[in-house]
There are 2 protein chains.
Amino acid sequence: MKCRKCGEKAVINMPQHKLALCKQHYLEWMPEQTERFIQKYHMFGREDRILAAVSGGKDSLSLWDILWRLGYKCDGLYICLGIEGGVNYSAESQRLAEKFAEERGLRLRVYDIASEHGQTISEINARTSRGQNKPCSVCGMVKRQVMNRVAREEGYQVLVTGHNLDDEAAVLFGNTLNWAVGYLARQGPVLEANALGLARKAKPLCRFYEREMTAYALLSGIEYIYDECPYAVGSKSIYYKEILNKMEADRPGLKLTYYLSFLEAKKTGAFIKPADDEKEGMHTCPTCGQPTTAAGECSFCKMMTKIHGA
Amino acid sequence: MKCRKCGEKAVINMPQHKLALCKQHYLEWMPEQTERFIQKYHMFGREDRILAAVSGGKDSLSLWDILWRLGYKCDGLYICLGIEGGVNYSAESQRLAEKFAEERGLRLRVYDIASEHGQTISEINARTSRGQNKPCSVCGMVKRQVMNRVAREEGYQVLVTGHNLDDEAAVLFGNTLNWAVGYLARQGPVLEANALGLARKAKPLCRFYEREMTAYALLSGIEYIYDECPYAVGSKSIYYKEILNKMEADRPGLKLTYYLSFLEAKKTGAFIKPADDEKEGMHTCPTCGQPTTAAGECSFCKMMTKIHGA
């Protein structure tokens, strides 16, 4: 197979785009496409201060790399969760995120859960009933809380995450299995900020297949953590990805159609529009000042209070 | 495993209901549950004249049997499609439908596509470009047209079909893969009639798993056609059923939750409401008098005109 742009040997074939590219043109194509998505979904501009949540994995480091190459002003945020399983997961991923930032002269903020809150994710998980012994639920909540807090307190206009098409399709899939309309209404390339303090969020990679992200990271020489989080084994999202991978194999392009037709359906007014949060009774947590759906402390602070009181 | 009602040996276990039943109690339970669904979704009353579309398969014959046992006034409609594959599919299914009606003293209307329109489904399919050589698209359109016509012309208040939960879940699944919002808006246990002549439709079996329907047909001694339509091999709906069966095996109850939470989501106002068809420009076909979405002849008449003109 030959590169459509130069006729050299192609390194990747993307049947859903009827496009094969060589290394050089693939490494050009990815930032061009990302720029196109940033514009199309009105994600952010070149004057905005952007905060990228980086985990040390291929998606978030590639995102940061692409935004840097495109000339956006983007700092990184690494949240140290203190997960020791696998290849000493957190320490290794932090090392790779720091190395990445250093090589490019970029600013990486590090937020250490253990030093800020006295306990690692694993320790918090052991002391809460949330999530039935899987720390994923606790971890997700903590990360959302920290990302939002840092983005607001440090004055970033937008928080970006490295969710790719496979991630988004799996979330969508899960949210249709039990028709979680509220989540469906909120899913998209951009989640707007609200007056009570939810930071604006964007997902510039949401239209790239996971394999395209892997190819970008490998071809551009980004050193990233290969392993999945050791806690992710057996998670629902991995299960949904397996189902979707089977269908994608049978019908190439299915995931992209699935996600894009969902976005189109939303534009026509299908699904309830995200509730006007202020009117729907969003509150401010008296402890941390972050927005929360119920009156009183937010879930994060409630959990931390309970743990420290225990 | 023992019957929950009498302690005798159970013949079926339904984990999603935490319920195992013996033959006798299962054959009582199915009509009771069907009655509950008829009431819950306001499908029809005992004074209504009901027309059941019967194919000779387990679902439609079981439906007719259950409605008969429950004391509803229900005639059958068998549409002879002229499909000769497999076990001489159409002839055999017609024989079984007629035998069923005769044994119970019920009225079966037979509509023969070939004598009414000069050609069988297989022949029509060979002369149209619709459906890429698979007659399923043509067949579905023809059946919808005929069912609606007979229901209206013969003054039935409601047309019922034997769609079970597996059928409905597969349709739902397919309609979310490309987010066909119009179809999502119309899917449900009841589709209301409209002023232009769409008959009221109901699916009393929509909450029963396919295996529950098979068990009912077998245990009540209904003789039905075991084979799938020979044309159905490789169809999308069978593919979607396979995917859902895999997920159901991993998470028992998944299909039921999937379908019921969809109905709940619709009730909260998610998805566009079915368009008010009159306002949205529904028309009456000048040839057959049936409702159609575009001005001029309906798809059915257009196809027949083209075939006869060819």
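The values are calculated or read from the model by the stated rules, or taken from the named source; none is laboratory data. Owing to the predicted nature of the structure, the values given are computational and were not obtained by experimental measurement. When we count neighbours, we look across all protein chains shown, and the Cβ atoms used for this are built from the backbone with ideal geometry, even at glycine. We work out accessible area using only protein heavy atoms, side chains counted, and drop any ligands, DNA or RNA first. Shrake-Rupley method; radii C 1.70, N 1.55, O 1.52, S 1.80 Å.
Details
- Count - residues of region B:288-308 that are in contact with a Gly (Cβ under 9 Å, 6 or more places away or on another chain), open to solvent by 30 Å² or more (accessible area, probe 1.4 Å) and not in a helix (DSSP H, G or I): 3
- Once region B:218-246 is narrowed to residues that are open to solvent by 60 Å² or more (accessible area, probe 1.4 Å) and within 13 Å of chain A (Cβ to nearest Cβ), the residue that is nearest to B:Val87 (Cα to Cα) is B:Gly234.
- Within region B:23-54, the residues that satisfy the criterion of being hydrophobic (A, V, I, L, M, F, W, C), open to solvent by less than 30 Å² (accessible area, probe 1.4 Å) and in a helix (DSSP H, G or I) are B:Trp29, B:Met30, B:Phe37, B:Ile38.
- Any hit, region B:58-72, residues being closer than 30 Å to B:Thr305 by Cα, of a type outside the set (Val, Ile, Thr) and without any contact (Cβ under 8 Å) to a residue 60 or more places away in the chain: no
- Among the residues listed as A:Gln33, A:Gln16, A:Gln39, the single one being without any contact (Cβ under 8 Å) to a residue 24 or more places away in the chain and not acidic (Asp, Glu): A:Gln39
- Residues of region A:75-99 classified as open to solvent by 10 Å² or more (accessible area, probe 1.4 Å), more than 19 Å from A:Ser115 (Cα to Cα) and under 18 Å from the mean Cα position of the chain (by Cα), total: 1
- So A:Phe271, is it within 14 Å of chain B (Cβ to nearest Cβ), surrounded by 19 or more Cβ atoms within 10 Å (Cβ to Cβ) and on the phi > 0 side of the Ramachandran plot: yes
- Number of positions in region B:1-22 that are at pLDDT 95 or above, open to solvent by 90 Å² or more (accessible area, probe 1.4 Å) and assigned to a loop (DSSP other than H, G, I, E, B): 3
- Residue selected from region B:125-166 under the condition touching a strand residue (DSSP E or B) at 6+ places or on another chain (Cβ under 9 Å) and of a type in the set (Gly, Ala, Ser), by the criterion surrounded by the fewest Cβ atoms within 10 Å (Cβ to Cβ): B:Gly155
- Residue check, B:Tyr259 of a type in the set (Ser, Thr, Tyr), in contact (Cβ under 8 Å) with a residue 12 or more places away in the chain and out of contact with any strand residue (DSSP E or B) (no Cβ under 8 Å at 6 or more places or on another chain): yes
Conditions tested, residue by residue: (1) farther than 27 Å from B:Asp250 by Cβ; (2) under 19 Å from the mean Cα position of the chain (by Cα).
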| position | (1), (2) |
| --- | --- |
| A:Leu205 | yes, yes |
| A:Tyr216 | yes, yes |
| A:Ser237 | no, yes |
| A:Leu256 | no, yes |
| A:Ser261 | no, no |
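- Checked against the criterion of being more than 24 Å from A:Met30 (Cβ to Cβ), away from chain B (no Cβ under 14 Å) and modelled with pLDDT of 95 or more, region A:152-164 has at least one qualifying residue.
- Residue list for region A:173-191, restricted to those being of a type outside the set (S, T, N, Q) and within 9 Å of chain B (Cβ to nearest Cβ): A:Phe173, A:Leu177, A:Trp179, A:Ala180, A:Val181, A:Leu184, A:Ala185
- Selection within region A:247-265 - facing chain B (nearest Cβ under 10 Å) and open to solvent by less than 50 Å² (accessible area, probe 1.4 Å): A:Met247, A:Leu254, A:Lys255, A:Tyr258, A:Tyr259, A:Leu260, A:Ser261, A:Phe262, A:Leu263, A:Ala265
- Residue match in region A:206-213 (condition: away from chain B (no Cβ under 14 Å) and of a type in the set (Lys, Arg)): yes
- Among (1) within 14 Å of another protein chain (Cβ to nearest Cβ); (2) more than 21 Å from B:Ser62 (Cα to Cα); (3) open to solvent by less than 40 Å² (accessible area, probe 1.4 Å); (4) touching a residue at least 12 places away in the same chain (Cβ under 8 Å) - the single one B:Asn194 does not satisfy: (1)
- Per-region count, region B:121-144, residues within 21 Å of the chain's Cα centre (by Cα) and either outside any helix (DSSP H, G or I) or on the phi > 0 side of the Ramachandran plot (or both): 3
- Taking region A:192-213 as the range and being farther than 14 Å from A:Ile66 by Cβ and at pLDDT 95 or above as the test, the residues that pass are A:Arg200, A:Lys201, A:Tyr209, A:Glu210, A:Arg211.
- Residue identified as farther than 21 Å from A:Thr257 by Cα and hydroxyl-bearing (Ser, Thr, Tyr) among A:Tyr183, A:Tyr156: A:Tyr156
- Residues that are within 17 Å of B:Val181 (Cβ to Cβ) and at pLDDT below 85, drawn from region B:258-310: B:Thr268, B:Gly269, B:Ala270, B:Phe271, B:Ile272, B:Lys273, B:Pro274, B:Ala275, B:Asp276, B:Asp277, B:Glu280, B:Thr293
- Criterion (hydrophobic (A, V, I, L, M, F, W, C) and modelled with pLDDT of 95 or more) met by exactly one of B:Ile121, B:Ile66, B:Ile83: B:Ile66
- Residue count, region B:197-217 (criterion: open to solvent by 40 Å² or more (accessible area, probe 1.4 Å) and over 17 Å from B:Glu168 (Cβ atoms)): 2
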